[in-house]
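Here the structure comes first, spelled out in structure tokens, and everything after it is commentary.
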Amino acid sequence: MIILKSAHEIECIRKASKLTADCLEMLAKAAKPGLTTLELDQMAEQYIRSHGGIPSCKGYYGFPATICASVNDEVVHGIPSAKRKLKNGDVLSIDLVSKVDDYHGDSAITIPIGHVKPEVMKLLKVTEESLFKGIEMAQPGNHIGDIGHAVQSYCEQHGYGVVRDFVGHGLGRDMHEDPQIPNYGEAGHGPQIKPGMVLCIEPMITLGTYKVEVLGDDWTTVTLDGKPAAHFEHTVVVTENGPEILTMRSEPRLIK
Ligand code: MF3
Ligand code: CO
């Protein structure tokens, strides 16, 4: 069941989304070679709690941390660790959900650490662009399949893999609500998009195969061929006039 949000609920989601976006912006500036993913996680938790929020992922089905920190071939759900020191040339995906007044805000970015190979920078850029292509489709009267179709066709034009095993989602009082929003699919298919829907659109795109596997820690998801992946996500509210991005940062594009 897709829950349409009232103006009041949208204001609550807006607050949580702003906190999530501000925290990601802080983390993007802080991430440098030599820092561990656990240090970034601690900075995130401290930031969120000191600004009146709660880290939504911590304890979610037993997930132990505030951020998901996924490096290189890790696609999503990497667990922050003192053993994972960032190094020059890595790419780091940070996925963060925070809660304010019982509503969530969800966003993800992939950050280059130091100097990253041009072919990997291109993957980051195209993935971020594909997120905006998907968001553009979140118009009243369109269908959820239009979003995935836009993301998929753009990324596959560039020869990239579109991860199938994880999808975007609705959001509200729960971090994951209906509808599911695949990053692939057919235009005109799926539920019709209506004003009041809050949608998390989150392309997970790879340099090689779209096939992934979950490691023995039950969370960390890696590409089967070991090639790098990128992940960008925004929380979006559908209005009569089209999509509004609630997790927008002060610099709209991370990758220039
Ligand atoms: N932020 C993720 C998403 O986009 C969910 C994180 S999974 C968690 O759906 F278990 F770590 F919380
Ligand atoms: Co999400």
Is one or more of the residues making up the range 41-58 acidic (Asp, Glu) and within 29 Å of GLY161 (Cα to Cα)? yes
Just one of the numbered conditions (1) out of contact with any strand residue (DSSP E or B) (no Cβ under 8 Å at 6 or more places or on another chain); (2) in a loop (DSSP other than H, G, I, E, B) is not true of LYS125; which one? (2)
Criterion (buried (at least 18 other Cβ atoms within 10 Å of the Cβ) and not in a helix (DSSP H, G or I)) met by exactly one of ALA150, ALA138: ALA138
Which condition from (1) part of a loop (DSSP other than H, G, I, E, B); (2) within 16 Å of ligand 2 (Cβ to nearest atom); (3) surrounded by fewer than 16 Cβ atoms within 10 Å (Cβ to Cβ); (4) free of Cβ contacts under 8 Å to residues at least 60 places away in the same chain is the one that ARG173 breaks? (4)
Residue list for the range 60-114, filter: in a strand (DSSP E or B), within 16 Å of LYS227 (Cα to Cα) and within 12 Å of ligand 1 (Cβ to nearest atom): SER70, VAL75, VAL76, SER93
So is GLU119 of a type outside the set (Phe, Trp, Tyr), closer than 28 Å to SER250 by Cα and out of contact with any strand residue (DSSP E or B) (no Cβ under 7 Å at 6 or more places or on another chain) or not? yes
Answer yes or no: is there a residue in the range 23-43 that is hydroxyl-bearing (Ser, Thr, Tyr), assigned to a helix (DSSP H, G or I) and away from ligand 1 (no atom under 13 Å from the Cβ). yes
Here's a check for you: in the range 194-210, which residue that is within 17 Å of CYS68 (Cα to Cα) and not in a loop (DSSP other than H, G, I, E, B) is nearest to ligand 2 (Cβ to nearest atom)? CYS200
Residue by residue through the range 211-247, note down the ones that are touching a Lys or Arg at 6+ places or on another chain (Cβ under 7 Å) and either part of a loop (DSSP other than H, G, I, E, B) or surrounded by fewer than 21 Cβ atoms within 10 Å (Cβ to Cβ) (or both). LEU224, LEU246
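Taken together, the values in this text are just the output of simple stated rules run on the coordinates, not laboratory data. Just so we're clear, the structure is a prediction, and the values are computed from it rather than from any experiment. Cβ coordinates were reconstructed from backbone atoms using ideal geometry, including for glycine residues, and neighbour counts include every protein chain displayed.
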